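No value in this document is a laboratory result; all are computed from the given coordinates. On a predicted model such as this, the values are computed, not experimentally measured, just so you know. For neighbour counting, all protein chains shown are included, and Cβ atoms are generated from backbone atoms with ideal geometry for every residue, glycine included.
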Amino acid sequence: MRIAVGCIGHETNTFSPVATTIDNFKKGSYHRGDTIITAFRGTRTITGGFLDVAAQLNLQPVPLLWTFATPSGMVEHAAYQVLKSEFLTLLQNAGELDGVLLDLHGAMVTDELEDAEGDLIQAVREIVGETPIITTLDLHANITAQMAHYSDVIIGFDTYPHVDCYERGFEAGQLLFGMNEGKIQPTMAYRQLPLLTAPPAQCTMKPPMTDVLKALHVLETERGVVTATLSMGFPFADITDAGVSVLVTTNGDAALADTYADQFASHIWELREEFTFNLHTVESAIELANQTDSRPIVLADGADNPGGGGPCDGTTILQKFIEADVQDAVVAVIADPESVTQAVEAGVGNRVQLNVGGKTDTQHGAPVALTGYVKALSDGRFILKGPMGRGTAANMGRTAVVQIGGVEIVLTERRIQPYDAEVLRSVGIEPQSCKLIALKSAVHFRADYTPIAHQILDVDTPGVHSPNLFSYDYQKVRRPIYPLDSTVTLK
Ligand SMILES: [Zn+2]
């Protein structure tokens, strides 16, 4: 069986002013043909999982195009068109196919399309006709009716941090195999809830999501159910379909799929008030660190998470750390190629005058003028060792560790979400020796840091990925929607 596999991926933060260009894809992750196999074999990713199941079941992967740009603002429509046409040409020339696996994200927005993935899946469907299409999506997918209509099955990640990508890719391959054997005839029901949730409440390592996940897995063991997905949505894309949705796929029983989808959607709706949370001030986090000898205390600077479109050069926490003269503290990372170049020119062991961060926009703190000590320099390359994407190569670009007082700043050329502790270890910083660690990550870091952190605090900083949903001026999302509106009912 020949199964086409590919991806055009982006998580679009429509509140970010930074447009996403074709260059961001081509210089981000961009593979064609067999280089996809080289890049993903042996990794804990969707495509890695798919390649393994393909080897087991004698499926022949037909790699098309796999490209992903680091989350940022609206994708230029022309860029999407170029990638889409490249993808479709490769698909058209792929020969006879028995299935298509689309490894997509589910929250890509162009300046002309609110639902780019829906458009792509439809275009793929128009080419392959009745050939099975299985789409895998991130837990942050804003799933639309169009995506559901043109896919035979959608399988979303169950976890945030996303540690089950491999398993979902594996599952997709098994399902394609089952469909080709004639054992599975999937029927999928889709329900959208009038509900927006933010990252701290979407984390599946703590309630309410731990319980929700249990219920989802029980549902998947029900007779006739093939797979079920709860997508928590990406609230930083201001589009009609942003937010939570539920999918239940049964083996040929549409009524059963509808019943279970309705039941599960109601279950989530009843829990809506539990998807709220408290944020801490940076000051209170510093105070807490002063009161204990335990370490490290990790601050989640979710508002500037590049994994969700933050510029990654915000300085709010850095500024407060310097002002409070904290010791054994790290800020990871600040993407600032200019400062990196200056640190490289100064050299290790020397002092350097820098204007750090705050250069992309005015929403994440002003540049910080400082004279620091160049502690370390690196090429910024390492292999992920944490539970998320283990085995994948990462590249921060040239990287400098600059020390000011008791604060070490990890300055990178590229925007990278520091969810894997190798970000620190690869530049000589042992996280367990630090008192305070500020990470530009909302939730993903919890996978690697929970076992080693004394305490983790979601801090309230301003930005385009702030977990405070009331800090945004929503224009396009369907209304009424909880928690933005007071009177909302589940239809
Ligand atoms: Zn995600």
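Plugging the Kirkwood radius over Cα pairs into Stokes-Einstein for the chain, at a temperature of 37 °C and a viscosity of 0.692 mPa s, what D comes out in µm²/s?
Details: Rh = 23.0 Å.
Answer, rounded: 143 µm²/s.
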What is the sum of charges, Lys and Arg at +1 and Asp and Glu at -1, for the other residues whose Cβ falls under 13 Å from the Cβ of Val423? +1
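Determine Rg/Rh for the range 18-88; Rg is computed over alpha-carbon atoms and Rh is the Kirkwood hydrodynamic estimate from the same atoms.
1.05
Of the beta bridges DSSP finds with both residues in the chain, what % are antiparallel, to the nearest 5?
If we restrict to bridges inside the chain, about 45 percent are antiparallel.
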Using the beta-carbon distance between Ser85 and Glu222 and R0 = 41 Å, what value does 1/(1 + (r/R0)^6) give for FRET efficiency, to the nearest 0.05? 0.45
Nearest-0.05 FRET efficiency for Val348 and Asp34 at R0 = 35 Å, using Cβ-Cβ distance, is 0.30
Per-residue HN-Hα couplings for the range 52-62, Karplus 6.51 cos²θ - 1.76 cosθ + 1.60 at θ = phi - 60°, whole Hz, x for Gly and Pro? 5, 5, 4, 5, 5, 9, 6, 8, 9, x, 10
To the nearest 0.05, how large is the calculated FRET efficiency for Asp253 and Ile383 if R₀ is 45 Å and r is the Cβ-Cβ distance? 0.50
How far apart, in nm, are the 7 Å Cα→Cβ label points at Ala55 and His454? 4.4 nm
Using only Cα atoms, find the angle between the long axis of helix 254-270 and the longest principal axis of the chain, and express it within 0 to 90 degrees, rounded to the nearest 10. 30 degrees
With label points set 7 Å from each Cα along the Cα-to-Cβ direction at Ser284 and Lys214, the distance between them in nm comes to 2.8 nm
For a quick check of your reading of the filter: which trypsin sites (Lys or Arg not before Pro) in the range 1-79 sit in a DSSP loop and have no more than 13 other Cβ atoms within 10 Å? Lys27
Test of the criteria: in the range 154-254, which GluC sites (Glu not before Pro) are in a DSSP loop and have at most 13 other Cβ atoms within 10 angstrom of their Cβ? Glu181, Glu222
For Arg479 and Thr240, extending 7 Å from Cα along the Cα-Cβ vector and measuring point to point gives, in nm, a value of 1.7 nm
What number comes out for the charge environment of Val352, summing +1 per Lys or Arg and -1 per Asp or Glu over other residues with Cβ under 15 Å away? -1
Whole-Hz Karplus ³J(HN,Hα) for the range 301-310, in order, using 6.51 cos²θ - 1.76 cosθ + 1.60 and θ = phi - 60°, x for Gly and Pro? 8, x, 5, 10, 6, x, x, x, x, x
About its Cα centre, how strong a charge dipole does the chain have in debye, to the nearest 20, once Lys and Arg get +1 and Asp and Glu get -1 at the Cβ? 800 debye
Can you give me the long-range amide H partners of Val5? Hydrogens built in the peptide plane at 1.01 Å from N, cutoff under 5 Å, separation of 5 or more residues or another chain. Val62, Leu64, Leu101
Compute the separation of the alpha-carbon centres of the range 47-80 and the range 104-156 and state it in Å as a whole number. 13 Å
Counting sequence-distant residues (5 or more places) and residues on other chains, those with an amide H built under 5 Å from that of Thr14 are Ala237, Asp238
Summing +1 for each Lys or Arg and -1 for each Asp or Glu, what net charge is found among the other residues whose Cβ lies under 11 Å from the Cβ of Ala78? -2
Among His10, Ile22, Gln60, whose Cα sits farthest toward the positive end of the charge dipole of the chain (+1 at Cβ of Lys/Arg, -1 at Cβ of Asp/Glu, about the Cα centre)? Gln60
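Which of the GluC sites (Glu not before Pro) found in the range 67-106 are in a DSSP loop and have at most 16 neighbouring Cβ atoms, other than their own, within 10 Å?
Sites meeting the loop and neighbour criteria: Glu96.
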Rounded to the nearest 10, the angle in degrees between the Cα long axis of helix 209-221 and the longest principal axis of the Cα atoms of the chain comes to 20 degrees
Report, to the nearest 10°, how far helix 77-92 tilts away from the longest principal axis of the Cα atoms in the chain, using its own Cα long axis and a range of 0 to 90°. 50 degrees
Send over the Kirkwood Rh of the range 282-466, from the inverse of the averaged 1/r over different Cα pairs, rounded to one decimal Å. 15.9 Å
Which Cα, out of Val356, Tyr160, Ala141, lies furthest along the positive dipole direction of the chain (beta carbon charges, K/R +1, D/E -1)? Val356
Among Ala400, Val368, Met388, whose Cα lies farthest out toward the positive end of the dipole of the range 332-413, if unit charges sit on the beta carbon of Lys, Arg (+1) and Asp, Glu (-1)? Met388
